[in-house]
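Any read-out appearing in this document is the output of simple, stated calculations on the displayed coordinates, not a laboratory observation. From a predicted model like this one, the values you see are computed outputs, not experimental measurements. Here Cβ is always computed from backbone atoms with ideal geometry, including for glycine, and neighbour counts include all displayed protein chains.
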Amino acid sequence: MPNLTRFEVTRLISARALQISLGAPALVKAHKGDVPLDIARLEFEKRVIPLAVLREFPDGHVEKIDVN
């Protein structure tokens, strides 16, 4: 997997935290008291976050990077 920029990582974690806060099931075992942001970070670290990054280049080429 290519390296993700810090902006892509932040976007992935925040988007997943929003999904979890709106009722999406967590894909990792969460501890009592964990907030959606903690759960999303844990999912990202374990590479089970169900999202992808699309990189668009000036020449029109689009690169899809699956995180899981």
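Listed values, structure above:
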quantity: Cross-link reach list, aspartates and glutamates versus LYS29, counting only Cα pairs under 17 Å and skipping chain neighbours closer than eight places; calculated: ASP38, GLU43, GLU45
quantity: Theoretical ellipticity at 222 nm over the chain - DSSP helices of four or more residues, -39500 (n - 2.57) apiece, nearest 500; calculated: -12000 deg cm²/dmol
quantity: Proximal lysines to LYS64, defined as alpha-carbon separation beneath 20 angstrom and excluding residues fewer than eight positions away on the same chain; calculated: LYS46
quantity: For Rg and Dmax of the Cα atoms in Å, calculated from these coordinates, the label among (1) 11.6, 39; (2) 16.9, 61; (3) 13.2, 48; calculated: (3)
quantity: Sequence ranges 51-62, 29-40, 12-23, ranked by mean other-Cβ count within 10 angstrom, highest first; calculated: 12-23, 29-40, 51-62
